Amino acid sequence: MDKADEKRIELFQKNLGTIRKVAGWTTERFGEEIGVTRQTISNLEKGRTPMTKTQYLACRAVLTYEIAESENQGLARVIRTLVDEPAENASSVEPYTHIFGGSSKQKLAMVTTGTIAGLSALTAALAVGVGPFAAVVSTAAVRTVAKVASSQVSSKKGE
């Protein structure tokens, strides 16, 4: 896993309780939203179990949707301030020109990093007041970029 991803996941887990409360959700509701139990959310918040990349992506996706639906710019700002900005400052992401070099595992990691970076960019846009329609357009753009990168990785693999 990329160091920038590790840092974001670490910061997200460290601040999960605060983020959940700003969203106005109980541990039970948050668990339902991402498909886990209330106890799993509690264990993640208390650091009893490490957060996986899949859990992180699920959390970010449902929170991004919540921000767009409820226009909760405060939640977007909290995530940006507690997770995204410190992670960006702590490590630099390799330029995307390296996506075609290295092993298939490294290429997949870069595409996943792009997805995480896209979610971070979307949260930042929502934090500054971009409306839900623009957020949906931004999400579609992130998906398109991920698909293009993925197809390019696949075509390079076949060469």
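Values in this text are rule-based calculations from the coordinates and carry no lab data. Bear in mind the structure is a predicted one, so any value in this text is a computation, not a measurement. Ideal geometry is used to build each Cβ from the backbone, glycine not excepted, and the neighbour counts take in all protein chains shown.
Please compute the modelled spin-label separation between GLU28 and GLU85, points set 7 Å along Cα→Cβ, answer in nm with one decimal.
Taking the two extended label points, one gets 3.5 nm.
Rounded to the nearest 0.05, what FRET efficiency is calculated for ALA58 and LYS3 with R0 set to 35 Å and r the Cβ-Cβ distance?
Computed FRET efficiency for ALA58 and LYS3 comes out at 0.95.
Short version: ³J(HN,Hα) in whole Hz for each residue of the range 38-55, in order, from phi by Karplus 6.51 cos²θ - 1.76 cosθ + 1.60 (θ = phi - 60°), x for Gly and Pro, what are they?
Once θ is set to phi - 60°, the couplings for the range 38-55 become 4, 5, 4, 4, 4, 5, 5, 4, 8, x, 6, 10, x, 6, 8, 4, 5, 5 Hz.
Can you list the residues of the range 1-30 with backbone N under 20 Å from a point 7 Å past the Cα of THR37, pointing along Cα to Cβ?
Flagged as within label range: 17, 26-30.
From the backbone phi of the range 69-81, what are the Karplus-calculated ³J(HN,Hα) couplings (6.51 cos²θ - 1.76 cosθ + 1.60, θ = phi - 60°) in whole Hz, Gly and Pro given as x?
Whole-Hz 3J(HN,Hα) from phi for the range 69-81: 5, 9, 6, 7, 5, x, 5, 4, 5, 4, 5, 4, 6.
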